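First comes the structure, then the notes that go with it.
All of the numbers you see were taken from the coordinates with simple rules; none came from a lab. Remember, it's a predicted structure, so these values are computed and weren't measured experimentally. A quick note on method: Cβ atoms are made from the backbone with ideal geometry, for glycine too, and the neighbour counts reach across all protein chains shown.
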Amino acid sequence: MVSVEWLKRAELFETLKESQLNALLSHSVVESYPEGKTIFKQEGEATRLYILVEGSVDLTVKAEKQIDFMTSKIEKEGAVFGTGSLMEPYRYNVSAICVKPSTVLIMEGEYLRRQMEEDPGMGLEMMKKLASIYFNRLNEMREGVSNLIKFFNFKKP
């Protein structure tokens with residue numbers, strides 16, 4: 001199901017060499033989750049990175065400890081989430097909840113960080129991709145908030 005060729009198409013690993021991908025894949029595991037399963041919770045210790053194989057996962061933020069706001073929907077095969085496992089303070093800044101049965105490839109954050117330190121070229125490539133992923137998701141969220149504000153401003157008498 002998950003091969004080096006598949007991992008090469010994952011958004012975070014597109015620029016890595018086959019030998020680097022083999023090393024990462026050899027330390028990975030595939031798990032399946034049912035609809036409604038919370039994979040991790042906001043503010044929890046971020047120990048794992050997840051790559052979507054199939055399914056759909058909502059990333060949500062709890063605001064004022066009362067309301068959950070969806071920030072991103074992870075539906076594209078090869079999309080990553082749980083990226084807090086790669087950056088200090090190693091906490092998840094969102095919750096990840098399956099909105100349909102989902103299969104994910106899981107990598108231990110500590111292993112990934114160690115590989116990135118031992119192979120700075122790989123680390124640089126991954127961090128460049130990670131920055132791009134965050135930038136794109138931030139822009140998507142901004143567009144959603146802007147559309148929501150426009151909708152409510154339009155509805156006011």
Distance violations [Cα-Cα > 29 Å] among LYS8/LYS62; LYS128/LYS150; LYS100/LYS129; LYS8/LYS150; LYS129/LYS150; LYS17/LYS100: LYS8/LYS62; LYS128/LYS150; LYS8/LYS150; LYS129/LYS150; LYS17/LYS100
Quick check: pseudo-label points 7 Å beyond the Cα along Cα→Cβ at VAL61 and GLU140, how many nm apart are they? 1.5 nm
So what's segment 1-70 giving for Rg/Rh, alpha carbon basis, Kirkwood Rh from the mean inverse pair distance? 1.04
Rule-of-thumb Rg ratio for the chain [Cα; 2.2 N^0.38 Å; N residues]: 1.11
Tell me, what is the FRET efficiency for TYR111 and LYS73 to the nearest 0.05, using R0 = 22 angstrom and their Cβ-Cβ distance as r? 0.20
Helix-only [θ] at 222 nm, the chain, -39500 (n - 2.57) per DSSP H run of 4+, per residue, nearest 500, equals -12500 deg cm²/dmol
In the chain, which whole DSSP H runs stretch at least 27 Å along their own axis (Cα) and average -0.5 or higher on the Kyte-Doolittle scale? 120-155
